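See below for the structure under consideration.
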Amino acid sequence: MTPENPEETQPLLGPPGGSAPVSRRVFLAAFAASLGPLSFGFALGYSSPAIPSLRRASPPALRLDDDAASWFGAIVTLGAAAGGVLAGWLVDRAGRKLSLLLCTVPFVVGFVVITAARDVWMLLGGRLLTGLACGIASLVAPVYISEIAYPAVRGLLGSCVQLMVVTGILLAYLAGWVLEWRWLAILGCVPASFMLLLMCYMPETPRFLLTQHKHQEAMAAMQFLWGSEQSWEEPPVGAEHQGFQLAQLRHPGVYKPFIIGILLMAFQQLSGINAVMFYAETIFEEAKFKDSSVASIIVGIIQVLFTAMAALIMDRAGRRLLLTFSGVVMVFSTSAFGAYFKLTQGGPSNSSHVTLLTPISMEPPSASVGLAWLAVGSMCLFIAGFAVGWGPIPWLLMSEIFPLHVKGMATGVCVLTNWFMAFLVTKEFSSVMEVLRPYGAFWLASAFCIFSVLFTLSCVPETKGKTLEQITAHFEGR
């Protein structure tokens, strides 16, 4: 099957006569799949409370030094990059449902290894396994949800992927207040185990079943999810055996969404989100918060609230409007961040990043604290803006814009791009700030946010209210 085939642009699934599905079990299936992103978020947030606990430990208890602590936090991104590549291969061969079931294994095994760790290598091995599972879940969950959802709620359900990620991060922060790192790892097994149980009772996506020419199973899945057997078009014979070939990149139905997907993931990481998160606790320290760990909780709450708001309005406002609004908010907030760092360079500081964040010594304490509160406001505005658009929408669009016959490979490349950029930005951010100074680094992020707005307005299509086949037809110019 190639994008030129008329069958590719015919709706595989669609309510007969435009009628709306009557069953709400599609929401249950989406919830079951989104438990993977919840585990993904918990694994990401786990290092924040676990690392201080492991660094405070006294011999003979297991303890992390500075270098090991750095790897403990960063190795998840490497595992996730590998997981994204694996998931791109797995999702087209094992199917969406089985891929989600399989990703529970490295989640549970990884947290069990961390719980039973007797040395640093066991800790790093467990984190690598959970990172592998994160990569698989970050690809398969959006694809599964987009293929089971009908157009009127696909934005809502697809945005719940990012909502569950930030909820998982917040849960890890909150649980880390009361649980020691081993018990916290045990808690990390719960969402993945629950997903394993629920997904056993959920169907494979009807679209994937139709590409495998399993008509009866597809109709049963539609009946379960939507409460009716929707109309469908037979895919071309042999479509399920034709994977991605480089020659297909000549076709606009492939290369256009491919370029858009990669750039969406790149701009998401170049927006400066990791830099802002890196400085969150430091900025709250400058604003005279007694317990800087409160910063993590406040940031997590803001992310959850505004991601939930984005999910609720996604199918009304549309993807392009929210991406554009999000980008504009991030432009102003990162510019304000840069101005803050420009005004506060030089002199002593109570910050742990003394060479990068230091208030002007001639400023009275009240003025310094006032500037810090300006930074707190800018940071909260940035996180809210990111959560409304550039947080959830790249993942949502990734699951919507690719035709079925290249979806596995294309989404795998997008996930790999996202995690590679996350690793690169996190690793090189300090070097960039040494060269450009902190204010220059944040102004550079502001420039990338400007480019993201221009990119959205000129290249990103609106997918609100369209079937996945209609989106493919748009790229083909049909």
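The values are calculated or read from the model by the stated rules, or taken from the named source; none is laboratory data. Just so you know, these numbers come straight off a predicted model, no measurement behind them. Cβ coordinates were reconstructed from backbone atoms using ideal geometry, including for glycine residues, and neighbour counts include every protein chain displayed. Side chains are part of the model used for accessible areas, which takes the heavy atoms of the whole protein and leaves out ligands, DNA and RNA. Shrake-Rupley method; radii C 1.70, N 1.55, O 1.52, S 1.80 Å.
The table for this structure:
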{"quantity": "Proximal charge balance of I145 [Cβ under 14 Å; K/R count +1, D/E count -1]", "calculated": "+2"}
{"quantity": "Within region 23-228: Cβ-based charge dipole about Cα centre, in debye rounded to nearest 20 (Lys, Arg +1; Asp, Glu -1)", "calculated": "340"}
{"quantity": "Region 23-228 pair-distance distribution - Cα-Cα, 10 Å bins, rounded %", "calculated": "9, 35, 30, 16, 7, 2, 0"}
{"quantity": "Pairs from K214/K464; K342/K427; K407/K464; K214/K256; K427/K464; K214/K466 whose Cα-Cα separation, in the structure shown, is over 27 Å", "calculated": "K214/K464; K214/K256; K427/K464"}
{"quantity": "Highest to lowest packing among 441-447, 401-407, scored as the average C-beta count within 10 Å", "calculated": "401-407, 441-447"}
{"quantity": "Pairwise FRET efficiency - A74 versus L197, Cβ, R0 = 35 Å, nearest 0.05", "calculated": "0.65"}
{"quantity": "Carbon and sulfur %, accessible surface of region 96-158 computed with the full protein complex present, 1.4 Å", "calculated": "83"}
{"quantity": "Sorted peptide list for 162-175, 128-141, 310-323, criterion being average Cβ within 10 angstrom, highest first", "calculated": "128-141, 162-175, 310-323"}
{"quantity": "Theoretical FRET efficiency, 1/(1+(r/R0)^6), r = Cβ-Cβ of R56 and H213, R0 60 Å, to 0.05", "calculated": "0.55"}
{"quantity": "Packing rank of 294-303, 201-210, where each peptide gets the mean count of other beta carbons within 10 Å, highest leading", "calculated": "201-210, 294-303"}
{"quantity": "Accessible area per residue, Å², region 23-228 with all protein chains present, probe 1.4 Å", "calculated": "37"}
{"quantity": "Region 403-478: C-alpha gyration tensor shape, a/c 1.5 cut-off, then a/b vs b/c", "calculated": "oblate"}
